[in-house]
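**Q** After the structure tokens below, expect a handful of questions from me.
The values are calculated or read from the model by the stated rules, or taken from the named source; none is laboratory data. Nothing here was measured: the structure is a model prediction, and the numbers come from that model. Using ideal geometry, Cβ is built from the backbone for each residue, glycine included, and neighbour counts are taken over all protein chains shown. Protein only, heavy atoms only, side chains kept; ligands, DNA and RNA dropped before computing areas. Shrake-Rupley method; radii C 1.70, N 1.55, O 1.52, S 1.80 Å.
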Amino acid sequence: MGVLDGSGLIAFVPTTDLPRARAFYAETIGLPITDESPFACVFDANGTMLRLTPVRKLSRTRYTVLGWNVADIASTVASLVAAGVEFVRYRGMDLDEAGIWTAPSGDRVAWFEDSDGNMLSLTQFVASEPSRMLEA
């Protein structure tokens, strides 16, 4: 057994505007808030603690900082678009009309930004469990 095996994961996402980020994660995405203070806004992301942490300055990244494994990516994308989310379209990638990319494995991925420009993603895995990736 590893040192952290069996320990719960806590995800951190930086924000320069905690009230704006709180609104995005609570109202647009629909995550339930479990705690909030001037130092963080904490959400329950299906059993994983997600902490929005205020920072003075944020460096914009083009890689995914947080993602969700979804059962039906097309309906999840449609629901988020209806809530005002715009999905990122990468040049040179073969995306469908909804902005969803299909990997050679058949897994499907779509990317979008939060209110601070942090890159987020949705993935629908072909296999029922993404743990198959650990076997590679």
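**Q** Inside the stretch 1-21, can you point out the residues that are farther than 20 Å from Gly47 by Cβ and not in a loop (DSSP other than H, G, I, E, B)?
**A** Across the stretch 1-21, the qualifying residues are Pro14, Thr15, Leu18, Pro19, Arg20, Ala21.
**Q** Which of the residues that make up the stretch 1-23 are in contact (Cβ under 8 Å) with a residue 40 or more places away in the chain, closer than 19 Å to Glu113 by Cα and either of a type in the set (Lys, Arg) or touching a strand residue (DSSP E or B) at 6+ places or on another chain (Cβ under 6 Å) (or both)?
**A** Ala11, Phe12, Val13, Pro14, Thr15, Arg20, Ala21
**Q** Taking strands (runs of 3 or more DSSP E) that fall entirely within the stretch 24-136, which contain at least 1 residues that are open to solvent by less than 50 Å² (accessible area, probe 1.4 Å), of a type in the set (A, V, I, L, M, F, W, C) and in contact (Cβ under 8 Å) with a residue 12 or more places away in the chain? Explain how you work it out, then say what you get.
**A** On the way: elements: 33-37, 40-45, 48-54, 64-69, 108-113, 119-124.
The qualifying strands (runs of 3 or more DSSP E) are 40-45, 48-54, 64-69, 108-113, 119-124.
**Q** Evaluate the stretch 32-48: report whether one residue or more is among the aromatic types (Phe, Trp, Tyr) and out of contact with any Ser or Thr (no Cβ under 9 Å at 6 or more places or on another chain). Spell out how you get there, then give the answer.
**A** Keep residues of the stretch 32-48 that are among the aromatic types (Phe, Trp, Tyr), which gives 39, 43.
Filter once more, keeping what is out of contact with any Ser or Thr (no Cβ under 9 Å at 6 or more places or on another chain): none.
There is no residue in the stretch 32-48 that is among the aromatic types (Phe, Trp, Tyr) and out of contact with any Ser or Thr (no Cβ under 9 Å at 6 or more places or on another chain).
**Q** How many residues, within the stretch 84-114, are within 15 Å of the chain's Cα centre (by Cα) and small (Gly, Ala, Ser)?
**A** Applying the first criterion (within 15 Å of the chain's Cα centre (by Cα)) to the stretch 84-114 yields 85-88, 100, 108-114.
Then drop every residue that is not small (Gly, Ala, Ser), which leaves 110.
Going through the stretch 84-114 one residue at a time, the tally reaches 1.
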